[in-house]
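Asks: Take a look at the following structure, please.
The values are calculated or read from the model by the stated rules, or taken from the named source; none is laboratory data. As the structure is a prediction and not an experimental result, all values here were calculated from the model. Cβ: placed from backbone, ideal geometry, glycine included. Neighbour counts: every protein chain shown. Surface accessibility is based on the protein's heavy atoms, side chains included, excluding ligands, DNA and RNA. Shrake-Rupley method; radii C 1.70, N 1.55, O 1.52, S 1.80 Å.
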Amino acid sequence: MTGASRGLGLGVARSLAVDHGLGVALVAREQTALDAAVAQLRAAGAEVIGIVADVSDKRAIHRIVGQAAAALGDIDVLVNNASSLGPTPLRALLDSECEDFGGVLETNLLGPFRLTKAVLGSMVLRGRGVAVQISSDAAVEAYPEWGLYGVSKAALDHLARIWAAELDGTGVRMLSVDPGEMNTRMHADAIPDADPSTLADPDAVGRVLAAMILEREGAPSGARLSAASWSTTERDVA
């Protein structure tokens, strides 16, 4: 679970580890916030470890996978949640720097590609596994000033579809999920004037994503799913 020290990443990790009893590796860049998240979940009885790493650094990828597998065993679920908006306040493409665009792509597209590639081989050999790419409505809607982020998420969506086509019949699922607008620090950085009361709770969205991960029939490989429209009602995944 990348981007796991707060927000949606922590919400998904909490549901998988506490509600469903899975061992979870939390990956984040900031040691202090990560240590707090690990302590919080361990206090709730969860089996979790923390790995300090930046997914935009390709040298960190195999270390992340190695540490997670050494501590918890086979990696059956990967959630690529870590994301970058680029510089804030957000700006139009005409005012954006190439270097900033490159940085966003390293975190939002190349990082997930590298990490997914690093775990897929063993998943295919075992005939099971789920890789989730966290998307956004900005991947399908042309919002002014969201260009760097939106383009990276649109590419991530298509990457997931291609992975799914190539993995057809292997038993490995590839999902792309739009979690919707949530009360997170990233949302506050992007839209400082937003009313938090109108935004979804990332813990609640995390429970929905955990259900998607655990229910193969309701979340088939290659699907692009919306957390807001995907209900756990009448699904035996609680």
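Asks: Take the residues of the range 157-206 that are modelled with pLDDT of 95 or more and basic (Lys, Arg): which is farthest from GLU145 (Cα to Cα)?
Replies: So the residue we want is ARG173.
Asks: Here's a check for you: in the range 64-113, which residue that is of a type in the set (Ser, Thr, Tyr) and not in a helix (DSSP H, G or I) is most open to solvent (accessible area, probe 1.4 Å)?
Replies: THR88
Asks: Hey, another quick one. Return the residues of the range 116-125 that are of a type outside the set (A, V, I, L, M) and open to solvent by 60 Å² or more (accessible area, probe 1.4 Å); say none if nothing qualifies.
Replies: Within the range 116-125, just LYS117 meets the criteria.
Asks: Is there a residue being over 22 Å from GLU215 (Cα atoms), in a helix (DSSP H, G or I), of a type in the set (Ser, Thr, Tyr) and at pLDDT 95 or above anywhere in the range 15-25?
Replies: Scanning the range 15-25, I find no residue that is over 22 Å from GLU215 (Cα atoms), in a helix (DSSP H, G or I), of a type in the set (Ser, Thr, Tyr) and at pLDDT 95 or above, so the answer is no.
Asks: Residues in the range 134-151: is at least one open to solvent by 40 Å² or more (accessible area, probe 1.4 Å), touching a Lys or Arg at 6+ places or on another chain (Cβ under 9 Å) and within 28 Å of GLN40 (Cα to Cα)?
Replies: Scanning the range 134-151, I find no residue that is open to solvent by 40 Å² or more (accessible area, probe 1.4 Å), touching a Lys or Arg at 6+ places or on another chain (Cβ under 9 Å) and within 28 Å of GLN40 (Cα to Cα), so the answer is no.
Asks: Within the range 37-71, which residues are over 16 Å from ARG6 (Cβ atoms) and in contact with an Asp or Glu (Cβ under 7 Å, 6 or more places away or on another chain)?
Replies: SER56, ALA60
Asks: Using beta carbons and a limit of 8 Å, which pairs, at least six apart or on different chains, have the first residue in the range 78-104 and closer than 26 Å to ALA118 by Cβ and the second one surrounded by fewer than 17 Cβ atoms within 10 Å (Cβ to Cβ) and of a type in the set (D, E, K, R)?
Replies: Qualifying pairs under 8 Å: LEU85/ASP189; GLY86/ASP100.
Asks: For the range 43-51, check the following and say yes or no: at least one residue is open to solvent by 50 Å² or more (accessible area, probe 1.4 Å) and part of a helix (DSSP H, G or I).
Replies: Looking for residues that are open to solvent by 50 Å² or more (accessible area, probe 1.4 Å) and part of a helix (DSSP H, G or I), one finds at least one in the range 43-51, hence yes.
Asks: Can I ask one more? Quick one: would you say SER15 is more than 23 Å from VAL172 (Cα to Cα) and among the polar types (S, T, N, Q)?
Replies: Spelling it out, it is not the case that SER15 is more than 23 Å from VAL172 (Cα to Cα) and among the polar types (S, T, N, Q).
Asks: Which of the residues spanning the range 189-207 are open to solvent by 50 Å² or more (accessible area, probe 1.4 Å) and not in a loop (DSSP other than H, G, I, E, B)?
Replies: Passing the criteria: ASP189, PRO196, SER197, THR198, ARG207.
One line per residue, one yes/no per condition, for (1) outside any loop (DSSP other than H, G, I, E, B); (2) free of Cβ contacts under 8 Å to residues at least 60 places away in the same chain; (3) closer than 29 Å to ASP74 by Cβ:
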{"residue": "ALA142", "(1), (2), (3)": "no, yes, no"}
{"residue": "ALA164", "(1), (2), (3)": "yes, yes, yes"}
{"residue": "SER176", "(1), (2), (3)": "yes, yes, yes"}
{"residue": "HIS187", "(1), (2), (3)": "yes, yes, no"}
{"residue": "LEU209", "(1), (2), (3)": "yes, no, yes"}
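Asks: Right, next: For GLY218, are the conditions met, namely being within 24 Å of HIS20 (Cβ to Cβ), surrounded by 15 or more Cβ atoms within 10 Å (Cβ to Cβ) and modelled with pLDDT of 95 or more?
Replies: no
Asks: Something else about it: Go through the range 151-162 and count every residue that is of a type outside the set (Lys, Arg), within 16 Å of ARG114 (Cα to Cα) and touching a residue at least 12 places away in the same chain (Cβ under 8 Å).
Replies: 6
Asks: Now a separate question. Scanning the range 52-63 for residues that are open to solvent by less than 30 Å² (accessible area, probe 1.4 Å) and assigned to a loop (DSSP other than H, G, I, E, B), which turns out farthest from GLY127 (Cα to Cα)?
Replies: ALA53
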